[in-house]
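The values are calculated or read from the model by the stated rules, or taken from the named source; none is laboratory data. Source: prediction; values computed, not measured. Please note: Cβ atoms are built from the backbone with ideal geometry, for glycine as well, and neighbour counts cover all protein chains shown. Please note that ligands, DNA and RNA were not included when accessible areas were found on the heavy atoms of the full protein model with its side chains. Shrake-Rupley method; radii C 1.70, N 1.55, O 1.52, S 1.80 Å.
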Amino acid sequence: MSTQKTLVLTRPDPSNTEVLAQIKARFGETVPVIVSPALKIVPGQNWPDVSPYDVVIATSSHAIQGPLHGKPVYCVGVRTADAASRAGGDVRHCALDAARLIEWMRTQPDPGAIIYLRGSHVATDIPAALDGLAIQGDAAQTYRQEEQALSQAACEAIEGDAPVILPLYSPRSARLVGQAVKRIGQQLHVIAISDAAAQAWRDQTGGTCEVTDDPTGEAMLDRIVAALNV
């Protein structure tokens, strides 16, 4: 790369470690990085009994905190599908995002009773969407996303004059990071995983950002590596 860039990662751990390993494998050299999670994942105390339900929905891998006992699972994202499989679930469908999952469900027969495994904050109201489809659905909070203060080093990098790449993986993290900084550095390159995350960043900071074509970790990795190579 022509100018050394610093990567600021704000995902919950251990996601940052996974992203760094992927970047190193693709980019081929060590990247200066500041790790400062904007959120901390805290597992829930009580895992729900999924036995009365016909289908489980999970939109995040963090939601899978207990056994699924062979239940059919509808997922958002490959990482969520992998977590569901490891927990003994039978993954029947994996969508790129929650909106596309709901659209797919519109084309399917009535799946029966559904339980949606969710965090304390969600970007899409899945129970409301299920109500709109006349599908019986319950929700169980299986984890919390607790706010974490952005480190001084992360704030200084985002606000500074040196080149920085800031990937944003959710609307909530985009808002939290935006709230933590006082200004936007002139060489800050923000990459958002979705239009919703991009809009949250714009609303909070007035800054611009790049948006991936697909809301996936692989698409984010492609954009990060491309930005590092410029």
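Observations
- DSSP bridge analysis restricted to the chain gives an antiparallel fraction near 15%, rounded to the nearest 5.
- Relative counts (whole %) of C-alpha pair distances in the chain, using bins that are 5 Å wide: 1, 7, 14, 18, 18, 14, 11, 8, 5, 3, 1, 0
- The lysine pair tally for the chain, using Cα distances under 29 Å and a gap of 8 or more places or different chains, is 6.
- q = 0.10, 0.21 Å⁻¹, region 1-124: log10 I(q)/I(0) [Debye, one scatterer per Cα]: -0.40, -1.19
- Accessible surface area normalised per residue over region 96-200 is 48 Å², counting heavy atoms of protein chains with a 1.4 Å rolling probe.
- With Cα atoms, 0 to 90° folded angle of helix 217-229 axis to the chain main axis: 10
- Carbon + sulfur, % of accessible area of region 1-119 - ligands and nucleic acids excluded, 1.4 Å: 49
- The relative contact order of region 31-122 comes to 30 percent, based on Cα pairs under 8 Å that sit 6 or more residues apart.
- For region 75-230, size of Cβ-based charge dipole, Lys and Arg +1, Asp and Glu -1, in debye: 200
- Hull shadow area, averaged, region 161-230 [alpha-carbon convex hull, nm²]: 4.3
- Charge-dipole axis of region 187-230 as Lys and Arg at +1 and Asp and Glu at -1 on Cβ define it, positive-most pick from Ile191, Pro215, Gln204: Gln204
- Residue-count net charge about Glu147 - beta-carbon cut-off 15 Å; Lys, Arg +1, Asp, Glu -1: +3
- Tilt relative to the chain, helix 195-205 - C-alpha long axis, 0 to 90 degrees, to 10: 50
- Peptide packing for 106-114, 6-14 was compared via the average number of neighbouring C-beta atoms within 10 Å per residue; ordered from the highest value, the list is 6-14, 106-114.
- Rg/Rh (Cα only; Kirkwood hydrodynamic radius) as it applies to region 129-191: 1.22
- The long axis of helix 15-27 is offset from the longest Cα principal axis of the chain by roughly 60 degrees.
- What separates the Cα centres of region 72-112 and region 16-38 is a distance of 28 Å.
- The charge dipole of region 10-91, taken about the Cα centre with unit charges on the Cβ atoms of Lys, Arg (+1) and Asp, Glu (-1), comes to about 220 debye, rounded to the nearest 20.
- Ranked by how many other beta carbons lie within 10 Å on average, peptides 199-208, 71-80 from highest: 71-80, 199-208
- Only Lys, Arg, Asp and Glu carry charge here, each on its Cβ (+1 for the first two, -1 for the last two); on that basis region 161-230 has a dipole of about 420 debye about its Cα centre.
- Each DSSP beta bridge with both residues in region 1-138 is either parallel or antiparallel, and the antiparallel ones are about 0%.
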